[in-house]
Amino acid sequence: MSMIKTEKLCKDFGDLKVLKDCSLTVEQGEVVCLIGPSGAGKSTYLRSLNHLETITNGKLWVEDKLLDDRINGVNQIKITPQERQQALLEMGMVFQRFNLFPHLTVLENIMLAPVTVRKRDKAETEELARELLNKVGLIDKADVYPTKLSGGQQQRVAIARALCMQPKMMLFDEPTSALDPELVGEVLQVMKNLAADGMTMIVVTHEMGFAKEVSDRVVFMYQGAILEVNSPDVLFTNPENERTKQFLQSVLNV
Amino acid sequence: MKENPAVEEKKSNPFLRFVKKHKILVIVIIALIAIIVPLVCTVPSKEALVSAIPQEFIELEAKKDSESYQNIGIMSALKMQKQINSADVRQYLVLGVAGQVIDTTGNGFAEFWANFVNWLPSLLNGAKLTILLTISSVAAGLILSVFLALGKMSKIKPIQWFCRGYIFFFRGTPLLMQLYFLWFGLPKLIPAMTIPDRFLAAFIAFTLNSGAYCAENIRAAIQSIDKGQFEAAKALGLSYGQTMWKIIIPQTYRRLIPPTANEFIMVLKDAALTSIIALDDLSRVTNSIMTSTNNVSVYIVSMIIYLVITAVFSKIFGSLEKRFSYE
């Protein structure tokens with residue numbers, strides 16, 4: 001069963017074509033990294049998967065369920081907002097800028113969505129939340145407000161918050177780009193553990209080391225199009241596409 | 001552990017530290033002491049009070065002359081004497097006659113205090129109405145304005161148009177005119193919509209008006225919240241309503257306090273407008289004392305009262321701001 005499948009996915013902002021015919025299938029348990037120069041549409045692609053951006057053309061399946069089949073922005077299939085919502089809840093998202101809720105404590109941040117959206121039991125959710133905090137190594141920060149935490153700690157809380165919804169896949173939108181260099185490691189370690197647990201992950205990243213080590217496949221995007229999809233071994237050592245070669249040269253030789 | 005010399009110095013001066021930390025509070029306390037001490041000092045004994053009541057008043061009571069009863073001044077004097085144990089009336093008696101006592105003995109500063117003491121009860125009554133009107137209408141206006149702000153940002157066009165029109169109208173016309181219309185105009189146009197009570201009419205006009213102003217404050221506060229908060233909420237599956245009530249609006253509280261304090265102080269002073277519908281707020285009481293006694297110093301007393309009220313509420317809003325800050 002494929003977790004996510006897109007077919008000829010396009011996104012326009014007015015005349016600007018941000019995504020051009022992006023087709024990709026992500027299987028269960030797979031870790032896929034999206035790399036490419038800035039402005040390539042990596043983030044937009046990721047965001048259109050969980051409908052933070054509405055796609056203009058193309059098809060989108062989540063867990064083999066067709067959610068969108070759009071032509072010029074109009075959805076060709078009938079689907080109720082509840083059905084769509086239910087499917088999208090299976091996707092956890094982690095943002096570049098963490099986006100924790102500053103007026104809630106760490107524990108409240110994590111528990112809010114499962115209790116209000118999934119209607120989970122409060123005591124059970126708290127147990128799960130503490131377990132997840134333990135997993136990301138922040139159990140002692142449960143009752144602290146997010147602004148008191150470092151960037152790396154905030155991002156780990158954000159990961160725990162997404163995980164507490166018990167999603168089947170996780171989307172990471174440049175999770176380490178806003179961090180000080182010495183804090184990148186702790187976040188990547190959490191993500192590595194998550195990958196080892198078999199979570200399906202799609203990661204937009206500039207951390208080539210992480211992409212090489214953890215991902216099953218690496219996707220190279222350039223100017224809104226997916227130019228190359230390959231295993232990290234092939235892509236990093238012997239890329240097929242000329243653009244990929246140029247990009248890797250400029251990134252790895254800095 | 002070694003202590004920083006600066007810290008030590010701070011520790012040795014707890015009183016100065018307190019004064020520095022709560023400047024406004026200290027000013028208010030000093031002002032209150034300045035008001036209360038002379039009051040306490042000038043309270044005469046019960047005997048002095050009774051003896052200070054003019055003999056003719058007592059004689060009149062004995063006669064029960066119905067015609068003289070129509071004279072309001074005498075009637076109230078009698079009432080005072082009779083119900084000398086009722087706390088409310090005693091307050092009038094104590095303050096009023098105390099003023100009289102001093103008034104006959106001195107002039108200059110003593111006279112000022114005598115007048116002050118005489119006026120204070122009615123001024124405080126006016127202040128009570130002013131404060132009550134301000135608190136109730138700003139509170140109701142805030143609730144109204146949340147819906148107006150959400151309505152103005154709504155994607156449903158008719159709701160958006162209504163809220164835009166509402167805010168445009170109430171911000172674009174004078175509050176005085178709205179008050180005139182509500183109290184004098186509306187009963188003539190639609191008799192069924194006559195508002196029975198002056199205070200209620202003022203409350204409605206002030207609520208509708210401050211609702212429009214606060215709506216813009218709230219909209220600005222909501223739009224100042226980072227877009228990432230909306231995205232995070234959406235990614236977690238929260239609906240628009242849940243996002244607003246659980247995530248966005250709680251974050252606007254702290255940002256809303258300064259403009260709301262501003263609005264509060266504006267309304268406090270705008271409450272003077274209610275005098276046109278004959279509501280005895282602080283300003284109207286002040287002016288009527290001025291016209292009846294021809295003594296301009298009442299203006300100064302009244303302004304001091306306004307300043308004290310403003311200072312107290314500034315302090316309250318300041319501590320609210322601290323309480324809601326999580327940064």
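Using C-alpha pairs under 8 Å with a sequence gap of at least 6, the mean separation divided by the residue count of chain A gives a relative contact order of 26 percent. Most tightly packed first, judged by the mean number of other beta-carbon atoms within 10 Å of their residues, the peptides B:141-153, A:113-125 read B:141-153, A:113-125. Beyond 19 Å between alpha-carbons counts as too far, so tell me which of A:K11/B:K152; A:K17/A:K245; B:K21/B:K315 fall in that bin. Pairs exceeding the cut-off: A:K11/B:K152; A:K17/A:K245.
For the stretch A:1-81, the relative contact order is 32 percent, taking Cα pairs closer than 8 Å that sit 6 or more residues apart in sequence and dividing their mean separation by the residue count. Take each residue of peptide A:106-115, count the partner chain Cβ atoms within 10 Å of its Cβ, and average: the result is 2.
Among the trypsin sites (Lys or Arg not before Pro) in the stretch A:13-100, those located in a DSSP loop and surrounded by at most 16 other Cβ atoms within 10 Å of their own Cβ are A:K78. Gain on full extension, evaluated as 0.36 nm per residue between A:R118 and A:E83 minus their Cα-Cα distance, stands at 11.2 nm.
Charged neighbours of B:Y166, selected by a Cβ distance under 13 Å, balance to +3 (K, R count +1; D, E count -1). Can you give me the Cα centroid spacing of the stretch A:169-248 and the stretch B:212-245 in angstrom? Cα centroid of the stretch A:169-248 versus Cα centroid of the stretch B:212-245: 33 Å apart. Within the listed set A:A196, A:A158, A:A225, the residue fluctuating most in the Gaussian network model of chain A (springs between alpha-carbon atoms under 10 angstrom) is A:A196.
Helical runs assigned H by DSSP (4 residues or longer) give chain A a calculated mean residue ellipticity at 222 nm of -11000 deg cm²/dmol, each run adding -39500 (n - 2.57) before division by the residue total. Could you tell me which of rounded, prolate or oblate describes the stretch A:65-212, using a ≥ b ≥ c as the square roots of the eigenvalues of the alpha-carbon gyration tensor, with rounded for a/c under 1.5 and, failing that, prolate when a/b is larger than b/c and oblate otherwise? Judged from the Cα gyration tensor, the stretch A:65-212 comes out oblate (a/c at least 1.5, b/c at or above a/b). Remark on the stretch A:155-172: accessible area falls by at least 20 square angstrom from chain-alone to full-complex state for A:R161, probe 1.4 angstrom. Computed about its Cα centre, the charge dipole of the stretch B:224-273 is approximately 120 debye, with only Lys, Arg, Asp and Glu carrying charge at their Cβ. Under a Gaussian network description of chain A, with springs only between Cα atoms under 10 Å, the residue in A:G58, A:G41, A:G198 that fluctuates furthest is A:G198.
Chains A and B together bury roughly 1800 Å² of accessible surface, counting both sides and using a 1.4 Å probe on protein heavy atoms. Count Lys and Arg as plus one, Asp and Glu as minus one, and take only other residues whose Cβ is under 10 Å from that of A:V219; the net charge is then +1.
Sorted from greatest to least, the principal axis extents spanned by the alpha carbons of chain A come out as 51, 49, 33 Å.
Where a ≥ b ≥ c are the square roots of the eigenvalues of the C-alpha gyration tensor, would you call the stretch B:181-327 rounded, which needs a/c under 1.5, or, failing that, prolate if a/b is larger than b/c, or oblate? It is oblate, given that a/c is not under 1.5 and a/b is not larger than b/c. The calculated FRET efficiency for the pair A:M1 and B:W245, based on their C-beta separation and a Förster distance of 41 Å, comes to about 0.65. Projecting the Cα positions of A:H51, A:G39, A:I79 onto the charge dipole of the stretch A:30-155 (unit charges on Cβ atoms of Lys, Arg, Asp and Glu, taken about the Cα centre) puts A:G39 furthest along the positive direction. Which value, in Å² rounded to 10, gives the accessible area of B:I204 with a 1.4 Å probe and all protein chains present? Roughly 50 Å² of B:I204 is accessible to a 1.4 Å probe. A cut-off under 15 angstrom between Cβ atoms defines the neighbours of B:A212, and their net charge, with Lys, Arg +1 and Asp, Glu -1, is +1. Annotation for the stretch A:124-145 versus the stretch B:262-299: alpha-carbon center distance of 58 Å. P(r) tail, the stretch B:133-223: Cα-Cα pairs separated by more than 19 Å, 43% of all pairs. Between A:H206, A:H103, A:H51, the Gaussian network model of chain A with springs among Cα atoms under 10 angstrom shows the greatest mean-square fluctuation at A:H103.
The values are calculated or read from the model by the stated rules, or taken from the named source; none is laboratory data. Since the model is a prediction, treat every value here as computed from it, not as a measurement. Reconstructed Cβ throughout: ideal geometry from the backbone, glycine too, with neighbour counts over all protein chains shown. With ligands, DNA and RNA removed, areas are computed over all heavy atoms of the protein, side chains included. Shrake-Rupley method; radii C 1.70, N 1.55, O 1.52, S 1.80 Å.
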